[in-house]
Every structure is written in C-alpha cells, then in structure tokens.
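Okay, structure first, notes after.
The values are calculated or read from the model by the stated rules, or taken from the named source; none is laboratory data. Please read these numbers as outputs of a predicted model, since none were measured by experiment. With ideal geometry, Cβ positions are generated from the backbone for all residues, glycine too; neighbour counts draw on all protein chains shown. Surface accessibility is based on the protein's heavy atoms, side chains included, excluding ligands, DNA and RNA. Shrake-Rupley method; radii C 1.70, N 1.55, O 1.52, S 1.80 Å.
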Amino acid sequence: MKNKISIKSKFEIDALREGGKILAEVLELLKSKAKPGISGDYLDELAEKEIKKAGGEPSFKNYVSHKGSCPFPAALCFSINDEIVHGIPYGKILKEGDIVGIDLGVKYKNLFTDAAITVAVDKINPELEKLMEATKKSLEMGIAQVRPGNRINDIGTAIQKYAEENGFSVVRDLGGHGVGRAVHEEPFIPNFKQRDKGAKLISGMVIAIEPMLNIGSHYIKLDKDNWTIKTVDGKYSAHFEHTVTVTDDGFEILTKLF
Ligand code: MG
C-alpha cells in the first residue's frame, strides 16, 4: 500500500496551487452567500459557474465512490447540522442557527484539490461556535505535523488530542486521503491515533486533511439517499479540510487564499 503513494513534481504542485486558489476563492464566495433563505441549489450552481469561469471543473460532480454506485449529483457536498459529510445540496434551504459544511473539489489542469469549511448561518448557539472553532483548530494541529520524516499517524494523533481535550469526538470511519492526480488516492489518513505509525511523509506528497468533529458520539450512519453521512445520535458535526503538500522542510497549504 505504501508504494502506491504518488510523489508530485514541482510542475504538478504549481498547477495544484493554482487550482487550490480557485477552490479557496469559491469557498469564500459561498461562505459570504450562506444566509437564511438561501438554497443549496443556488450555491451549487454558483460554485459550478465560478469554477468553470476560472478554467476548472467541479470534481465531485458525477463522482462514483465505488464501482456500480450512483454518481454524486452535485458540485458541492452540502451537509447541514447532524449531517457530517457528503450531503446533497438539492432542495435544502438554510435557516438561522444552522451550521453547514461545504466541501468542494476542483479539477484544474487535470489535477485535483479538495477543501471544506463549515459556515455559521447567522447567529448560532455558543456550543456550535465552539465545535466549529475546535474543528478548524484541530485541522491546524494536524497540518502542523506535516513535515518530511513524520508519519501519517502523527496527523491523526494531533487532531484527536485537540478534539477530545475540547470535549468533542472525532469521526473514525471517514478520514483524509492522498489527492492530486485523482479525487482520492493513497494513503488513507485517519483522524485518530492508530497502532500503526503509517507511511513516512516525503517531500512532494499531496494530502487532504479533513477532521470531522461531533458534539456527541463518533458513530455515523448512511442516509437513505445513499450519500449523506449523519451522526447516529442526531447531534451536530463540523468539518474543515485543506489540501496540503509536504515540502522539504514542512508543509504548504495549497487551498488557501494568497
Ligand atoms: Mg476530502
């Protein structure tokens, strides 16, 4: 499994950085539009339009997770409240007090970046603010472990520690992944400590790190739409993600605004 991890060239990293910038800009735009009364349909259409205008393609649209499964229908994953990830935007209207996870993939120059944010819809309760803040911060903690010589397991260990210290649980059945030449590549990146240290991080690896933190238990279930992942206990969940490359002396976040 370890030898399937691809190392990207400088040329590829440069293109991923450009694609990542497009992605970050679209996410910022969607965040500014995520207000009460706004529909997932509208935001999905806006995301696709903006990505295409910038020369990219929404890479989640028509994505097939495994052979024979139904393709994801939208550009955006749009997951509200107790929906953790992979929510379908259609037919959903945001209301005050919601938190919405917006996860987006961009294909640009044939290379793939992936990032997500969770957005507060107007005023939310303080516990949800704390959940969002802790999720974002746990992502930073995970990213801070990215440097040559560290291991995949260092990332999840740091994420779990921060999440649990702040009273939240970490989703275990889903995690981060290699990315760049495909939407999902090796290695899988758990957001919690493993017995196995995992692969060594090497300069040129590109990975998507994406902690999902829950207020209640870490257990998840698949909705009957066959895509949406929800918490089993109905309590709320938040999700933040960046695409990151390992550099010679640390990391570079590829999906950020410059
Ligand atoms: Mg991802």
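Within the option set Thr255, Thr243, being buried (at least 16 other Cβ atoms within 10 Å of the Cβ), at pLDDT 95 or above, within 14 Å of the ligand (Cβ to nearest atom) and assigned to a loop (DSSP other than H, G, I, E, B) holds for one residue only, Thr255. Filter the stretch 226-240 for residues that are more than 16 Å from the ligand (Cβ to nearest atom) and either open to solvent by less than 10 Å² (accessible area, probe 1.4 Å) or in contact with a helix residue (DSSP H, G or I) (Cβ under 9 Å, 6 or more places away or on another chain) (or both); which is farthest from Lys137 (Cα to Cα)? Here the residue is Thr231. Applying the criterion of being farther than 19 Å from Ile229 by Cα and in contact with a strand residue (DSSP E or B) (Cβ under 6 Å, 6 or more places away or on another chain) to the residues of the stretch 89-111, the residue that is nearest to the ligand (Cβ to nearest atom) is Val106.
Residue by residue, here is whether (1) in contact (Cβ under 8 Å) with a residue 12 or more places away in the chain; (2) closer than 19 Å to Asn110 by Cα; (3) part of a loop (DSSP other than H, G, I, E, B) holds:
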residue	(1), (2), (3)
Leu43	yes, no, no
Leu46	yes, no, no
Ile51	yes, yes, no
Gly55	yes, yes, yes
Lys61	yes, yes, yes
Lys67	no, no, yes
Pro73	yes, no, yes
Cys77	yes, no, no
Ile84	yes, no, no
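Considering only the stretch 161-182, state which residues are more than 29 Å from Pro58 (Cβ to Cβ) and either open to solvent by 30 Å² or more (accessible area, probe 1.4 Å) or of a type in the set (Phe, Trp, Tyr) (or both). Within the stretch 161-182, Lys161, Tyr162, Glu164, Glu165, Asn166, Gly167, Phe168 meet the criteria. For beta carbons closer than 6 Å, sequence separation of 6+ or different chains, a first residue in the stretch 196-225 that is more than 16 Å from the ligand (Cβ to nearest atom) and a second that is aromatic (Phe, Trp, Tyr), the qualifying pairs are Ile215/Tyr236. Summed over the stretch 62-88, the residues that are open to solvent by 20 Å² or more (accessible area, probe 1.4 Å) and within 15 Å of the ligand (Cβ to nearest atom) give a count of 3. Against the condition open to solvent by 10 Å² or more (accessible area, probe 1.4 Å) and either more than 16 Å from the ligand (Cβ to nearest atom) or acidic (Asp, Glu) (or both), how does Lys130 come out, does it pass? Considered against the rule, which asks whether it is open to solvent by 10 Å² or more (accessible area, probe 1.4 Å) and either more than 16 Å from the ligand (Cβ to nearest atom) or acidic (Asp, Glu) (or both), Lys130 comes out as yes.
Per this entry, Asp103 is counted among residues that are assigned to a strand (DSSP E or B) and crowded, with 17+ Cβ neighbours inside 10 Å. When Lys136 is tested against (1) under 14 Å from the mean Cα position of the chain (by Cα); (2) open to solvent by 40 Å² or more (accessible area, probe 1.4 Å); (3) within 15 Å of the ligand (Cβ to nearest atom), just one condition goes unmet, and that condition is (3).
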